[in-house]
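Student: Sharing a structure with you now.
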Amino acid sequence: MAQAADTELDVMPQQRELAELEDFTALVVRHRPSIFRFLLLSLRDRDAAETLAQECFLRAYKARDSFRGDSKASTWLMHIALNLVRDHMRNRRLQFWRNTQAASAGFEDLSEYVADRRRSQEAALLAQEQVKAVWAVAGTLSAKQRTVFLLRFVEDLDLLEIAEVTGMKEGTVKAHLFRAVEAIRKRLKGES
Amino acid sequence: MTPHLSRERISELLVGPGDHEAMEHLGSCPECGAELAELSGAISSFAVAARGWSQRHDSREVQLTLMMERGKHRSRAAKLAWGLTMAVTLLLLFWGTFHTWQGRRQTEALNSESDDALMRQIDAEVSRRAPAAMDPLVRAISASASSAATQNANTNPNSQDHGEEKQ
């Protein structure tokens, strides 16, 4: 009887771990694209984005017990990703590499993804020019403005979710977003 | 006609919901509407391009591994669903068989009970010397027989002497 109880105690945590691992794999499958995208657009460095995406999920896996479900899993993961971006930016040793990578990452190609058969050639060219302009402005924004801009317009998070991810107040998020949009508008109008 | 929206207000409209006045103006002013559409269109195009670009740059190996993992999960889920279906089917079959068997057993028990009751009734009937319906006849026969014997005895009192004489 006692032996059976011991065996049961040994098996139960294993089963629990496996079940959580299975759920976690599904979580990775579901959220990795957006996490990687946010990291790539923030860092403009594919290798760093891949490394940090893995690190993000590793950290999430280690801290999964502390996740109480108060917020969405996507918000929780994005919060971890943002912290990684901040750490990466602070790391002075990587500063040189970041600049080098950014220069050689071929981001000019970004405008190619705008191609739409339904559009006229003229409209497609205009859209490509606009994308280039937005991309160029995004590179000049402050880290906070860029983060808020990407979360709002690329990841489709609402203001409250962005506030949760960044730890800012909703009003602050709004202010950063306004500045980012203003910078883009000025660039598009040739005001800057 | 209200004056055009300031450029800052147009930017504000992209950040959050605009006030009633601004929205009303946008509905009636094609110039302001076009300006807002241009700005939001540029940002939307950027978002679309960024998503496509990111997807292309995402490591194929990672995607492949994740797809395989997803497939593994799907096959596990399919196996689990199949197993559950089989278990439920077996359970239903077992329950059906058991139910039928139990019904048969109950019918048999009822039949044997009625048979027993019938047998007991027959035994009771047979064990009687005569059927109840014949009782009056039996009584009448036994009464007439006893009266005939008495009459015989009275009418032939020398029957014993005759026998003695013949001897």
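Student: Ranked from the most accessible area to the least, with a 1.4 Å probe and all protein chains present, what is the order of A:Lys186, A:Lys62?
Tutor: Greatest to least solvent exposure: A:Lys62, A:Lys186.
Student: Right, something else. Heavy-atom accessible area of B:Ser147 with all protein chains present, probe 1.4 Å, nearest 10 Å²?
Tutor: That residue has around 60 Å² of solvent-accessible surface.
Student: Which parts of the range A:38-67 would a label at A:Arg86 reach, counting a residue when its backbone N lies under 18 Å from a point 7 Å out along Cα-to-Cβ?
Tutor: Only A:38-40, A:42-43, A:52-53, A:55-57, A:59-60, A:63 pass the distance filter.
Student: What is the distance, in nm, between label points placed 7 Å from the Cα along the Cα-to-Cβ direction at B:Thr89 and at B:Ala37?
Tutor: Reported label-point gap for B:Thr89 and B:Ala37 is 5.9 nm.
Student: I want to check the label-to-label distance for A:Ala26 and B:Glu125. Put each point 7 Å from Cα in the C-beta direction and report it in nm to one decimal.
Tutor: Here the answer is 7.3 nm between the modelled labels.
Student: Just to verify a number: FRET efficiency for A:Thr140 and A:Thr51, C-beta to C-beta distance, R0 = 25 Å, to 0.05?
Tutor: Using R0 = 25 Å, I get an efficiency of 0.50.
Student: Once A and B are treated as a pair rather than alone, how much accessible area drops out, both sides summed, in Å² to 100, probe 1.4 Å?
Tutor: On the way: alone 12780 and 14800 Å², together 24060 Å².
Approximately 3500 Å², summed over both chains.
Student: I've got another one for you. Which distance in nm do the two modelled labels at B:Glu24 and B:Arg139 give, with both placed 7 Å along the Cα-to-Cβ direction?
Tutor: 11.7
Student: At a Förster radius of 45 Å, what calculated FRET efficiency corresponds to the Cβ-Cβ distance of B:Thr107 and B:Lys79, to the nearest 0.05? Write down the numbers at each step before the final one.
Tutor: Working: r = 42 Å, r/R0 = 0.93.
The value I calculate is 0.60.
Student: Give the accessible surface of the range A:113-172 per residue, rounded to a whole number of Å², with probe radius 1.4 Å and ligands, DNA and RNA excluded.
Tutor: 54
The values are calculated or read from the model by the stated rules, or taken from the named source; none is laboratory data. These figures come from a predicted structure and were not determined experimentally. Neighbour counts are summed over all protein chains in view; Cβ atoms, including those assigned to glycine, are modelled from backbone coordinates with ideal geometry. When the accessible area is computed, the model is the full protein with side chains, heavy atoms only, and any ligands, DNA or RNA have been set aside. Shrake-Rupley method; radii C 1.70, N 1.55, O 1.52, S 1.80 Å.
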